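First comes the structure, then the notes that go with it.
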Amino acid sequence: CPVVLAPKNNSVAMPPPADIVKVAIEWPGAFPKLMEIDQKKPLSSIIKEVCDGWSLANHDQFALQHADSSNFYITEKNRNEIKNGAILRLTTSPAQNAQQLHERIQSSSMDAKLEALKDLANYSRDVTFAQEFINLDGISLLTQMVESGTERYQKLQKIMKPCFGDMLSFTLTAFVELMDHGIVSWDTFSVAFIKKIASYVNKFASDISILQRSLAILESMVLNSHDLYQKVAQEITIGQLIPHLQGTDQEIQTYTIAVINALFLKAPDDKRQEMANILAQKQLRSIILTHVIRAQRAINNEMAHQLYVLQVLTFNLLEDRMMTKMDPQDQAQRDIIFELRRIAFDAESEPNNSSGSIEKRKSMYTRDYKKLGFINHVNPAMDFTQTPPGMLALDNMLYFAKHHQDAYIRIVLENSSREDKHECPFGRSSIELTKMLCEILKVGELPSETCNDFHPMFFTHDRSFEEFFCICIQLLNKTWKEMRATSEDFNKARKRV
């Protein structure tokens, strides 16, 4: 009996169309609906379909939002981000929600007001809601509440201080979230509002949330408006900010350094050195070293970034010297070279070395400048006409000679006693090394928005760039000796440092 084989089923299950997304949609008091959303259909018709399923009228007053922690509204712009299996929620439209919250935060009931501000702080993260609330002049309402808050609720502060603190915290949080969307210009705020925010840096120092939001607002004001920078700089001092670095909350420390960096970055050129001097007087680096870098906790990425920014902004103060050529006719500048020679050689010179013919002294100076490792033995001022590193190299050499005198004299004398081909010329080395440090430390460049590469040593010394140089010049000389290098090996030795 012949066997009859059943025909093979060659059909393959087809994947669902790319425009169809399967989701669950929630509505309070009802079972979630499982439905397929056709991404080619207008969002309004999908919302109408959902409303009809629950017999809800006025579908234009409803919207869909993600049912996760973000609660973000779904719009025509972002609907393509919906994934299969997503859980959505049918809710009031952004316009309706904004209108309701706008009314609720003006309630005479403190409990109702507090709950409304808490909701506002949460919803303001969503740019769709934020636009609707801002359209109702919501930013102005919040700033008026902040400006009049302490006077209006003086009794409340005494009786229900925690409640007042929460209200202010939620108000400031909502303000920060709304402003972060970049819809409203920072140039629109009054001096009264700035004064109030600045006052919170001191008045509510013990309330972490209020302090954090206040610092965030001050930073944004400074970074986003030249006029506000000037007003904030008048209201807040480094002395007021320093205590917040001495606490234990790393987030507060991070925001505090961010405000200092913003003030530093936006300061006019003629004010930056003045600000750097104030930071030195307040021993900012020492405080950061003690309470941040050496604290018994890991440094998070944002803190590392702010430390890096402070480092770059400080090193950038050297840009002017780095780009300044030496004027061979400037006696004050030439005196620096004379001082380098004096420190290195006067101890071994004859007491009356200033006597004798001009030719004899010139010959002696030329000999000494050669020992110092200058390229131009007759007129070493010419060695500092290249920018970078310009006069910054000479500044480093003088600092090394004065603050590490024994090491300076040893390096100069060691090299002057070597064979010519094995000497590590101090002058040339210093110029090349300074140029290399400028490149490594990005002197003159704006801080990167993503870099967090800071050097702890920067915070151990007020003259950290010069100290970097002093360490490196000694390492270079040590490496040179170990390599038994010649002048042709200069770049090899430099790279090993």
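Data table
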| quantity | calculated |
| --- | --- |
| His291 vs. criteria over 17 Å from His244 (Cβ atoms) and open to solvent by 20 Å² or more (accessible area, probe 1.4 Å) | no |
| All positions within the range 106-116 that are surrounded by 18 or more Cβ atoms within 10 Å (Cβ to Cβ) and within 17 Å of Ile139 (Cβ to Cβ) | Ala116 |
| Residue match in the range 221-241 (condition: farther than 24 Å from Phe189 by Cβ, open to solvent by 50 Å² or more (accessible area, probe 1.4 Å) and in a helix (DSSP H, G or I)) | no |
| Residue list for the range 448-472, filter: surrounded by 14 or more Cβ atoms within 10 Å (Cβ to Cβ) and touching a Leu at 6+ places or on another chain (Cβ under 7 Å) | Phe454, Phe459, Phe465, Phe468, Phe469, Cys472 |
| Test set (1) at pLDDT 90 or above; (2) open to solvent by less than 40 Å² (accessible area, probe 1.4 Å); (3) not acidic (Asp, Glu) - Phe490 fails condition number | (1) |
| Residues of the range 165-193 satisfying the condition of being surrounded by fewer than 21 Cβ atoms within 10 Å (Cβ to Cβ), among the aliphatic types (A, V, I, L, M) and under 20 Å from Ile134 (Cβ atoms) | Val176, Ile183, Val184 |
| Residue match in the range 302-316 (condition: of a type in the set (Ser, Thr, Tyr), farther than 24 Å from Pro389 by Cβ and touching a residue at least 40 places away in the same chain (Cβ under 8 Å)) | no |
| The range 146-164 - residue that is open to solvent by less than 30 Å² (accessible area, probe 1.4 Å) and among the hydrophobic types (A, V, I, L, M, F, W, C) and, of those, modelled with the highest pLDDT | Val146 |
| Scope the range 50-76; condition open to solvent by 70 Å² or more (accessible area, probe 1.4 Å), over 28 Å from Arg125 (Cβ atoms) and part of a helix (DSSP H, G or I); matching residues | Asp52 |
| Where a residue in the range 399-413 is under 23 Å from His461 (Cα atoms) and its partner, wherever it lies, is open to solvent by 10 Å² or more (accessible area, probe 1.4 Å) and acidic (Asp, Glu), with Cβ under 7 Å and at least six apart | Tyr399/Glu466 |
| Tally of residues being within 18 Å of Gly85 (Cβ to Cβ) and touching a residue at least 24 places away in the same chain (Cβ under 8 Å) across the range 20-67 | 13 |
| Tally of residues being modelled with pLDDT of 90 or more and surrounded by 15 or more Cβ atoms within 10 Å (Cβ to Cβ) across the range 410-427 | 4 |
| Test: residue in the range 91-105 that is at pLDDT below 95, assigned to a loop (DSSP other than H, G, I, E, B), open to solvent by less than 50 Å² (accessible area, probe 1.4 Å) and farther than 24 Å from Gln212 by Cα | no |
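Conditions (1) open to solvent by 40 Å² or more (accessible area, probe 1.4 Å); (2) at pLDDT 90 or above; (3) in the same structural domain as Ser464 (by the TED database); (4) under 22 Å from Cys438 (Cβ atoms), marked per residue:
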residue: Lys362; (1), (2), (3), (4): yes, no, yes, no
residue: Tyr365; (1), (2), (3), (4): yes, no, yes, no
residue: Asp368; (1), (2), (3), (4): no, yes, yes, no
residue: Phe384; (1), (2), (3), (4): no, yes, yes, yes
residue: Thr387; (1), (2), (3), (4): yes, yes, yes, yes
residue: Met391; (1), (2), (3), (4): no, yes, yes, yes
residue: His404; (1), (2), (3), (4): yes, yes, yes, yes
residue: Tyr408; (1), (2), (3), (4): no, yes, yes, yes
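The values are calculated or read from the model by the stated rules, or taken from the named source; none is laboratory data. The shown structure was predicted, so the numbers you read here are calculated from the model rather than taken from an experiment. Backbone-built Cβ (ideal geometry, glycine too); neighbour counts: all protein chains shown. What goes into the accessible areas is simple: the full protein's heavy atoms, side chains included, and nothing from ligands, DNA or RNA. Shrake-Rupley method; radii C 1.70, N 1.55, O 1.52, S 1.80 Å.
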